[in-house]
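All of the numbers you see were taken from the coordinates with simple rules; none came from a lab. Treat the numbers as computed from the prediction; the structure is a model and nothing was measured. Virtual Cβ from ideal backbone geometry, glycine too; neighbours counted across all protein chains shown.
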Amino acid sequence: MQTRATSRGLELTELGLGTAQLGNLYRETSPDETEATLASAWEGGIRYLDTAPHYGLGLSERRVGAWLRERPRDEFVLSTKVGRLLVPSPETADQQDDEGFAVPADRRRVFDFSRDGVLRSVEESLERLGLDRIDVLYLHDPDDHFEQASTEGIGALIELREQGVVRAVGAGMNAAAPLAELIRRADVDLLMCAGRFTLLDGAALDELLPLALERGVGIVAAGVFNSGLLGRSRPSPDATFDYGPVPPALLARATRIAEVCEAHGTSLPEAAVAYVLRHPAVVSVVLGSRGRAQVEQNLARATTHVPDALWSELSAAGLIQEFSS
């Protein structure tokens, strides 16, 4: 697995493992599935793993940390996130979490991007992980709290970086424009852009990616399958786009892209990964997986050669936004 480096020299594998599924996203992930997911990712050369307190109310962090504690600490890069504190909620402990994770709602998420909130979040994440350090810290979904997050919150993360507590700081969001604004406001290293730089959505190409390239900020691309539409060789009418129904015009465009991919001997998911990795600002693509089969499938998708002629044809047909690679 090849790596790409941030401007400060932190190396990430080109394919990273997203671990929301290990927090029981949508359904329970068994201990055996958890072990198989992490072991197969490691065997495949993945050394960048991303988690968050949000994922299963801390379950993902606990599982990932327990597994990584048995591995040499200098051989992997781990990112987690700040902005959601987990507060005990005994009054809802007999209920299920209402934010998509199959876990008891014995805690509730409280948004807090203050300096104290950020420092507390990092301390609690380290406790759940059971590790001596975290490599990358992201502000997590600060959309509705952007003013505080982009000043006090990122300031606290930069303080931790300057103290040597963490090696890289940034934010993870589903919107491109605020990430671009964060580059203007703060000295960030990495930004995780989810769903806004894909074969079907080029929002990040307008401003975020050129600015990131200019300022030496690395982009971690997430959501490159747009929640499912680009995850199959042929798009399905019942697939989702950004977790909602697929507009007919978008389904038709995805289907046409898939046809061109097939003509060039590749598949839609393979092209979805290769497309974003072509951009010089991108340092890693993070794909969520559950179980050995999904990990191995994603490894194959990320390492399959995609011919340059594919991009020329897709661009000429107006099916993708082209850029200088």
Fluctuation leader among GLU43, GLU181, GLU28 - the chain, Gaussian network, Cα springs under 10 angstrom | GLU43
Quick one: helix 176-185 against the long Cα principal axis of the chain, what's the angle to the nearest 10°, folded into 0 to 90?
-> 60 degrees
Charge dipole (the stretch 211-325, unit charges on Cβ, about Cα centre) - positive-most of PRO269, PRO307, ILE257 = PRO269
Could you size up the charge dipole of the chain around its Cα centre, putting +1 on the beta carbon of Lys and Arg and -1 on that of Asp and Glu, and report it in debye to the nearest 20?
-> 420 debye
Starting from the stretch 1-103, pick out the chymotrypsin sites (Phe, Trp or Tyr not before Pro) whose DSSP state is loop and whose Cβ has at most 11 other Cβ atoms within 10 Å.
-> TYR26
Dividing the alpha-carbon radius of gyration of the stretch 200-267 by 2.2 N^0.38 Å, where N counts its residues, gives 1.29
For the stretch 162-218, the percent of all C-alpha pairs falling in each 5 Å bin, from 0 up to the bin holding the max distance, is 4, 21, 31, 23, 12, 6, 3, 1, 0
Using only Cα atoms, locate the centre of the stretch 300-325 and the centre of the stretch 102-180, then give the distance between them in Å, rounded to an integer.
-> 34 Å
Helix-derived [θ] at 222 nm for the chain: sum -39500 (n - 2.57) over DSSP H runs of at least 4, divide by residue count, nearest 500?
-> -10500 deg cm²/dmol
Quote the FRET efficiency, to the nearest 0.05, computed for GLU214 versus ARG27 with a Förster distance R0 of 45 Å and r equal to the Cβ-Cβ distance.
-> 0.60
What angle do you read, to the nearest 10 degrees and between 0 and 90, between the alpha-carbon axis of helix 59-68 and the longest principal axis of the chain?
-> 90 degrees
To the nearest 20 debye, what is the magnitude of the charge dipole of the stretch 231-297 about its Cα centre, counting +1 on the Cβ of each Lys and Arg and -1 on the Cβ of each Asp and Glu?
-> 60 debye
Quick calc, the stretch 1-109, dipole around Cα centre from Cβ unit charges on Lys, Arg (+) and Asp, Glu (-), nearest 20 debye, gives 480 debye
Do you know the relative contact order of the stretch 43-140, to the nearest whole percent, from alpha carbon pairs under 8 angstrom that are 6+ apart?
-> 34 percent
Report the extension gain between SER7 and ASP238 in nm, rounded to one decimal, defined as 0.36 nm multiplied by the number of residues separating them, less their alpha carbon distance.
-> 79.0 nm
Please work out the C-alpha center-to-center distance from the stretch 56-71 to the stretch 196-259 and express it in whole Å.
-> 29 Å
Projected onto the charge dipole of the stretch 166-240 (+1 at Lys/Arg Cβ, -1 at Asp/Glu Cβ, origin at the Cα centre), which of ASN226, VAL188, LEU213 gives the Cα projection farthest towards the positive end?
-> ASN226
Round to the nearest 0.05 the FRET efficiency obtained for SER227 and GLU152 when R0 = 51 Å and r is the Cβ-Cβ distance.
-> 0.95
Suppose R0 equals 30 Å; then what is the FRET efficiency for SER325 and GLU259 from their Cβ-Cβ distance, rounded to the nearest 0.05?
-> 0.85
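For Cα pairs less than 8 Å apart in space and 6+ apart in sequence, what is the mean separation divided by the residue count of the chain, i.e. the relative contact order in percent?
18 percent
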Can you give the direction-averaged projected area of the convex hull of the alpha-carbon atoms in the stretch 77-170, in nm²?
-> 6.5 nm²
Spacing of the two label points (7 Å from each Cα toward its C-beta) at THR304 and GLU124, in nm = 4.2 nm
Gyration tensor on Cα atoms of the stretch 1-115, a ≥ b ≥ c root eigenvalues, a/c under 1.5 rounded, else prolate if a/b beats b/c, else oblate, says oblate
Top mean-square fluctuation among ASP189, ASP74, ASP98, Gaussian network model of the chain, C-alpha springs under 10 Å?
-> ASP74
